[in-house]
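Step one of this worksheet: look at the structure below.
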Amino acid sequence: MDLGEFEADNSVSCRLASAIPDVCKTEDCCLGIDEAGRGPVLGPMVYGICFCPVAKKEALKDLKVADSKTLTEAQREDLFRKLDEAKSFVGWALQILSPNTISTSMLQRSKYNLNALSHDAAIGLVQFALDSGVQLKEVFVDTVGPAEKYQEKLSQRFPGVEVTVRPKADSLFPIVSAASICAKVARDHSVKDWNFPEDLGEVDADYGSGYPNDPKTKAWLLKELDPVFGYPQFVRFSWSTTQTLLDSKAVTVHWDDDEEDGEKAAARQNNTSMLSYFKTGSKTSAQQGNTHQTHRFFTERRLQSLATL
Amino acid sequence: MGHILVLDILPLSFRMSSNCHVTTLQLDSVSQAECPSVHLLPCEIEHDGPAEVSQFFTATIKDQKHEKTVSFRGRGLKGQEVSCPQGYTGLVLREVNKSGSDQEDRTVKVSSVFHKVTYWNLETSPNSDDGIVMAMAWPDLAEAIHGPVDD
Amino acid sequence: MTTKKKRTPHSQNDRWVVVAADSAVETPKKDDSDPTFIRLRNPSTGNAASLYLLGSGDVQLYEVKAFKEDFHSWFIGQTVQRDGRLLYVTPMDPLYLLLPYLIKAGEEGKFQPVDQVVMDEDFPACTRLLSCTRSQTSLHHVAEEKEVGSQKFQRYSQERTMEWLKKKVHRTVKTLRKSNISVGEGVKSTTYVRVKQESETQEEDYLRYAHGLISEYISEDLSKALLKHLQLPELSSPKEVEPPSKKRKLTDKPLEAGEDYTKFNSSDFSRKPPKKMSAAQKTLAKVDKTGMKSMSAFFSPKGKAEKK
């Protein structure tokens, strides 16, 4: 699997795809969706789709694809190679959500949560298949969240396509297993060969699975913490594991939309309104007397006089 | 409130002295000043001191058509460069032999010189309404207010 | 996800980021002293001290202002500076600072040598203002001068001061016109609803704005006198902010011939883009508005595009 395009800029989201088999443009097709790397605190989350003609479902079964989680890394690599060899009737596409995309989206002012992020990635991939001319009739989706709602959402979004959202779909439908293999292989490769855009020299690559409860991952996070920057973009800042570590070991950083400061600002506002309520009678003498009102040119530009250096 | 009270009971001589004391700007330090890159961030970092800015930050800045992008602590920043107004130079002044007392004359030296600042907004694209862009209009207007008038 | 830690108070700084006029930091001529930051009486407040800079050899005065936005810090090279302020050091007319002393002495009505007038036990450094090149050469703008032998004597003149300040205002208006600073959204007298032409209103907006800026450097009394001198009516209540455009729309008087039409195409008329949106506004903005008619469309008469 060639991840070159993602590796060229692993701070953003990237789509990779196989060639579209000609037969998929003429025959009714089924399509499976699965994800890899949702839980880890490190690296990208990868969404994968795999598709083939409905009539070729049996041929896909013969490749002996199975849920990627039940397979060893070597088996997954092997199966991905087989999928690639079946390119006359099997196609795939991936959406790689970089850890930086995950962090900045989830921590955005107007929060963009992981579910929304995942759904949008899945929808984007199905749309990509449609746009590429794949004759989609059936879509199978693996989910960890509530299946019905998601199924409804996708059905509405893609009328004329029969959508099945099912927990553990990756072990029930071979086309979903195939998608999970593609996604997992991409996730593994990108994590293993993570190209740190930071100028950090040699970075210890022994970060384990990336799951927050993996002792290796924990140790790596403790070791690599920078007091000012926290972590390279490889780490998902929106994970509570990361936030807890930063809260206890890094320099405190305040943003204008921090909850604490937001509450404080609200309190402050209440305070002034209270004050002005009590002050209405006497405010003129206090405000017009000696207190000089700074011209709006300066207040608008946040310019103020200084009393001392 | 506490501070005001404290000041009020201080002898007059103390208050006067703080007006008497001056802070000298050592200009010969300019020749040894560094020319670092200077970034204004949209967050308050509770730290004064060293940081691996070039390794973590500068190295990851993306230059796009109309803006630069980067992230800090997992938050997306968008920014651009602003130049010092014509006839103005950016300086970083640093106090030397800080005594910590208000009672003495102080000295500052020029530790850095810069001509451009990269400022960063939290998620919003840089535009002409940004504080620092607007503030850069001040020297021009100061010239109008303070320049000599004709006889 | 966001940090819930309280902001700790910031201890004193030992580093400042400054944008300074080149003249303030040019290497001093031989034997000249280094520039110094000093505290002087702020002429607009009277009692409070503000920070100023005297250039090498006390030849030129500078004002120090801080650009300060909440939640900002600096990266300077390989360091962090918590204090996100940006200080501006801009040339200042020393006459603004000398004026309060001259006015005070002027109450006695006699001619005095200026160095006997500019004295202040709370701010002893004020005498250094007299070393500024511009101080001596521009005193005649605010005082009558008499020369007896080699000695000069001065007496404050309100008349001269008003003329001087008026020139300052017009100078400032000129710069404002060249800039894209929006001067039109300010305070407006409620009792002052005279029907006026656009250009006239514009002129008044500029004058008031410039007057407000100059008033940052003079006492409240002088500021009021200057307003009169500029023939601008005093505003009844500066608290009541009212967008002037509202009143203006009612007067759809045709422009008279001879009026400079080109001005209406100038950038003076283009409004600044709206300020950053609040969270609520953003949410609103995201609402799909296709098919929704804008509110104003219901109210604005057909075929009369508003000039904005």
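Every number here is computed from the coordinates shown, using simple stated rules; none is lab data. Everything quoted here is computed from the prediction, not taken from an experiment. Glycine gets a Cβ as well: all are built from the backbone with ideal geometry, and neighbour counts include every protein chain shown.
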Estimated vicinal HN-Hα couplings, Hz - segment B:39-51 in sequence order (Karplus 6.51, -1.76, 1.60; Gly, Pro = x): 10, 9, 9, x, 7, 9, 9, 7, 7, 10, x, x, 7
Percent of Cα pairs exceeding the 12 Å cut-off, where the set is segment A:151-210: 77
Give the aspartates and glutamates whose C-alpha is closer than 14 Å to that of B:Lys68, dropping any in the same chain fewer than 8 places away, or say none. B:Glu81, B:Glu123
Within a 10 angstrom radius of the beta carbon, how do C:Val89, A:Val90 rank from fewest other beta carbons to most? A:Val90, C:Val89
Cross-link partners among aspartates and glutamates for A:Lys218, C-alpha distance below 20 Å, same-chain residues fewer than 8 apart left out? A:Asp188, A:Asp193, A:Glu202, A:Asp204, A:Asp206, A:Asp226, A:Asp247
A correct Karplus calculation of ³J(HN,Hα) over segment C:113-123, with 6.51 cos²θ - 1.76 cosθ + 1.60, θ = phi - 60°, whole Hz and x for Gly and Pro, returns x, 4, 6, 8, 9, 8, 9, 7, 6, 6, 10
Can you give me the Rg/Rh ratio for chain A, using Cα atoms for both radii and the Kirkwood formula for Rh? 1.16
Quick check: Cα centre of segment A:134-166 to Cα centre of segment C:140-163, how many Å? 89
Final fewest-first order of A:Trp239, A:Trp92 on the 10 Å Cβ neighbour count is A:Trp239, A:Trp92
Determine the shielding of peptide C:210-216 by partner chains: average, over its residues, the number of Cβ atoms on other chains within 10 angstrom of each Cβ. 5
Residues C:Ser182, A:Ser180, C:Ser223, B:Ser112 arranged by fewest to most Cβ contacts within 10 Å: C:Ser182, C:Ser223, B:Ser112, A:Ser180
Give, as a single signed number, the net charge of other residues whose beta carbon lies under 15 Å from the beta carbon of A:Phe128, with Lys and Arg counted +1 and Asp and Glu -1. 0
Inter-chain shielding of C:22-29 (mean C-beta neighbours from other protein chains, 10 Å cut-off): 4
Restricting to bridges with both residues inside segment B:21-106, how much of the DSSP beta-bridge set is antiparallel, in percent to the nearest 5? 90
Counting only other chains, and only Cβ atoms inside 10 Å, what mean value do you get across the residues of B:108-120? 3
Derived scalar couplings ³J(HN,Hα) [segment B:88-95; Karplus, 6.51 cos²θ - 1.76 cosθ + 1.60; whole Hz; x for Gly, Pro]: 10, 10, x, 9, 10, 9, 10, 6
Straight-distance crosslink candidates among aspartates and glutamates, where the alpha carbon sits under 19 Å from C:Lys146 and sequence neighbours closer than 8 are dropped: B:Asp151, C:Glu107, C:Glu108, C:Asp115, C:Glu159
Return the subset of A:Lys61/A:Lys153; A:Lys168/A:Lys192; A:Lys64/A:Lys168; B:Lys116/C:Lys6; A:Lys192/A:Lys216 for which the Cα-Cα distance in this structure is over 21 Å, preserving the input order. A:Lys61/A:Lys153; A:Lys168/A:Lys192; B:Lys116/C:Lys6
With a ≥ b ≥ c the root eigenvalues of the C-alpha gyration tensor of segment A:33-124, is it rounded (a/c under 1.5), prolate (a/b larger than b/c) or oblate? prolate
A:Glu162 neighbourhood, Cβ < 11 Å, K/R = +1, D/E = -1, net charge -1
Under 10 Å, Cα contacts only: if you run a Gaussian network model on chain A, which one of A:Ala66, A:Ala19, A:Ala178 comes out with the highest mean-square fluctuation? A:Ala19
